[in-house]
Amino acid sequence: MKDVKCVSIVRSGYDHVYTNLRRAIHLGGGLNVKDHESVVIKINLCDFRTPETGAITHPIFLEAVLRYLRENYQGLKIYVVESDATVARPDLFIRWFGFLPILQKWGAVWRNLSKEKTVTKDINGLYFQKLEVPQIFEDSYCITLPKMKTSSVTKISCALKNQFGCIPTRRKIVFHPKIDDVIVDANLAMRPNFCIVDGIIGMGGSQGPAFGVPLPAHVIVAGGDPVAVDTVCARIMGFNPFFIGHIQKAAKSNVGSTRYKVLGNQIKEVKANFRWSILEAFVIKVGEYLQSRVK
Amino acid sequence: MRVGVIGCGAIATRAHLPAFKSLPNVELQAVADVNEKMARTAAKKFGIPNSYTDYKKMLRDPSIDLVSICTPSPTHTEVAIEAAKNGKHLFIEKPLALTVRGAQMILNMAKENNVKLCVVHNYRYFPAMKEVKRRIDLGNLGRIVTIQGIAHTRIPLQWTASTWLYHKGGALDDFGPHLIDSILWLVNSKIEKVCAFGGDFLGKMNCTNYIQILMRFENRTVATADISWLTGRITFALNVHGTGGYISIESDLKNFFFNDPIETHGLPTPLDDLRNLSKKTISLTKKTISGKFFKGALAFYGTIIKEFINSIEKGTKVPVSGEEALQVVAVSEAAKLSLAEDRSVAVKELFVKTKNITG
């Protein structure tokens, strides 16, 4: 998979998100939903943080995606999914942060991946030989809707990292020491067919992906290849993708390609300072390590 | 002292059980939890001989002298009354109860059955907090005019997978009792009137996720308590303003490590800033080296239990009495009423005659 992949970049606010999202999807290669009866949309509800913080999927953004699907594909079953995590209870968040009325309006169904039936997949991955995968991903077209965020653990958290959240295990924190490998495995098992990154309000600073700085980057990034999309996002955020472990490992494992062709706006036009400090991230890591040792 | 613990969730297994286990004159006799697996796991982990799924059965064991109540807050009244009826001394996780009526019922039952009662308001035990109290009592600040308190924390999803915590009180009944108790303890006067603003800022949680409480005391001190689950911050801060000076303490880190109090009189000079900065640096270095930096409020459970057991055995004063905890409940309930009816609430409105309340 070393060929060049199309990745679209479109400037946007939440005001005219639908028009811009449609353009981003078309430039990014378009959705190829026709052969599927159902679509799974993986949103990001990583912590008890409100949408304007940039930590979780914005309901307005999800609504635009649902509208696009409903207007372009008839009779499609749409599932919106997320799994429980160490500090996340998406069943509650979906209610508290205003997603339910939107799902009802566009006839989408909420599913908690931690409560779904699973099937065992042989992936021969970097961390897992076999991985329990929610059955809902079988035969469904998968759209991942990540936020454009920094992460104290993986530097950036975009399309590839969003799929880490598809692993149904609640205590995913146990995977953190080998997170790059586990991210790759999650993408081998549940590779998204299309990625639409919401960087309209992203998250910067060194305390992401939940407690960083809300960062209005005013951009949507879309494409069919999660590795190419993340490579472009890394560039926009001011990182060198060569030094981001999970991007490099995913490319080596043939999840996708780091070679991309940008359509729409160019990277230099939308480049934002995501206020990442390697020193601060290091101090946070040391602090967390010391605390865990003392406890 | 033989002890039984009711409720084997996070607060029991992280704080109560390890603290009881660490004390030489305590024998952990039994645990109870409606979830059999949790009861058994806790019993196994802490080497406790008996585990029950029905706490009432546990309470019938005559060898148990003291019970620790770690069940969800809405159940405290029922469980505590039953335990008092069985003649057990009561060590209750905060808040004592969710209503003044419930708290009074517990207090009355404890009195009738001649058992002692202590509530876990452990923030008083932070050295920085004790130091503030000492300086106020010394008169360093003159007369206390106002206290501004901030208690912001993250929603405790790590503590419980269940939804019991998201009852109407929300953050007010979760982290709020620590701040309210600290303020009441420092002011040392009866609360008179409460007015609150806030509620459910998300509009869909159906519980209080942010509240600002304004309190007036009988000695005319005014205090504010700013309590939140929403800001993503973890901080507990108190600014005490007196006619003669000002003290502030603040914790800014995960485990509520408190900086040493900063005391200021008159206008702070650059020398004060320098002195405070060097004090903070020295204190931070010392606490990091000694490991104290990483010990949060859970570290004080042992101390409060020890003092409570002493008070039972020697008949001395209970460290945090039921009457003090009742005042905290009264402030919380008055704040809820103030929110609901959009008015200030005189706390005495909430106190019904206790004579007829026996549970």
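The values are calculated or read from the model by the stated rules, or taken from the named source; none is laboratory data. Quick caveat: nothing in here was measured; it's all calculated off a predicted structure. All Cβ positions, even for glycine, are placed from backbone atoms using ideal geometry, and neighbour counts span all protein chains on display. Heads up: the accessible areas ignore ligands, DNA and RNA and are worked out on the full protein's heavy atoms, side chains in. Shrake-Rupley method; radii C 1.70, N 1.55, O 1.52, S 1.80 Å.
Here are the numbers for the structure shown:
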quantity: Simple Cβ-charge dipole of chain B, Lys/Arg +1 and Asp/Glu -1, about Cα centre, in debye nearest 20; calculated: 620 debye
quantity: Cross-link pairs B:280/B:336; B:133/B:193; B:44/B:317; A:172/A:268; A:121/A:249; B:21/B:130 - those with Cα-Cα distance over 29 Å; calculated: B:280/B:336; B:44/B:317; A:172/A:268
quantity: Accessible area, probe 1.4 Å, largest first, for residues A:46, A:158; calculated: A:46, A:158
quantity: Top positive-direction residue, dipole computed over the protein assembly as shown with Cβ charges, set A:186, B:265, B:232; calculated: A:186
quantity: The protein assembly as shown: antiparallel DSSP beta bridges as a percent of all, rounded to 5; calculated: 55 percent
quantity: Sparsely packed GluC sites (Glu not before Pro) within the range A:116-214, loop by DSSP, other Cβ within 10 Å at most 15; calculated: A:138
quantity: For the range B:125-297: accessible area per residue (Å², 1.4 Å); calculated: 46 Å²
quantity: Residue-normalised accessible area of the range B:1-119, given per residue in Å² at a 1.4 Å probe; calculated: 41 Å²
quantity: Anisotropy class of the range B:292-347 from Cα gyration tensor, a/c 1.5 cut; calculated: oblate
quantity: Dipole magnitude of the range B:153-238, debye to nearest 20 (Cβ charges: Lys/Arg +1, Asp/Glu -1, about Cα centre); calculated: 120 debye
quantity: Alpha-carbon centroid distance for the pair the range A:167-208 / the range A:1-22, whole angstrom; calculated: 20 Å
quantity: Accessible-area value, residue A:110, 1.4 Å probe, nucleic acids and ligands omitted, Å²; calculated: 50 Å²
quantity: Extreme residue, positive dipole direction of chain A, given options A:13, A:176, A:128 (C-beta unit charges); calculated: A:176
quantity: Cα-centred dipole magnitude for the range A:5-293, charges only on beta-carbon of K, R (+1) and D, E (-1), debye, nearest 20; calculated: 340 debye
quantity: Counting DSSP beta bridges with both ends in chain A, the antiparallel % (nearest 5); calculated: 50 percent
quantity: Convex hull volume per residue in cubic angstrom - Cα atoms of the range B:125-297; calculated: 126 Å³
quantity: Spatial separation of Cα centroids for the range B:54-120 and the range B:205-223, in angstrom; calculated: 27 Å
quantity: Value of Rg/Rh across chain A [Cα atoms, Kirkwood radius]; calculated: 0.93
quantity: Distance histogram for chain B (every C-alpha pair counted, 10 angstrom bins, percent rounded to whole numbers); calculated: 5, 24, 33, 26, 10, 2, 0
quantity: Accessible area expressed per residue, chain A, with surrounding protein chains retained (probe 1.4 Å, Å²); calculated: 41 Å²
quantity: q = 0.09, 0.11 Å⁻¹, the protein assembly as shown: log10 I(q)/I(0) [Debye, one scatterer per Cα]; calculated: -0.85, -1.14
quantity: Two-decimal Rg/Rh across the range A:132-240, once Rg and the Kirkwood Rh are taken from alpha-carbon atoms; calculated: 0.95
quantity: Furthest towards positive pole of dipole, A:264, A:234, A:196, structure part chain A, Cβ charges; calculated: A:234
quantity: Inter-chain shielding of B:146-156 (mean C-beta neighbours from other protein chains, 10 Å cut-off); calculated: 1
quantity: Over the protein assembly as shown: helical MRE at 222 nm, DSSP H runs n ≥ 4 each giving -39500 (n - 2.57), nearest 500; calculated: -10000 deg cm²/dmol
quantity: Cβ-isolated cysteines (cut-off 4.7 Å), the protein assembly as shown; calculated: A:6, A:46, A:142, A:166, A:195, B:8, B:70, B:118, B:195, B:207
quantity: Accessible area buried, both sides summed, chains B and A with 1.4 Å probe, Å²; calculated: 1800 Å²
quantity: Gaussian network model of chain B, springs between alpha carbon atoms under 10 Å - residue of B:203, B:149, B:47 with greatest fluctuation; calculated: B:203
quantity: For B:63-70, mean number of other protein chain Cβ atoms within 10 Å; calculated: 0
quantity: Vicinal HN-Hα couplings computed from phi for the range B:228-234 (Karplus, 6.51 cos²θ - 1.76 cosθ + 1.60; Hz; Gly/Pro x); calculated: 8, 10, 9, 7, x, 8, 10
quantity: Protein accessible area in the protein assembly as shown, 1.4 Å probe - carbon and sulfur %; calculated: 52 percent
quantity: The range A:152-195: trypsin sites (Lys or Arg not before Pro) in DSSP loop, at most 11 other beta carbons within 10 Å; calculated: A:171
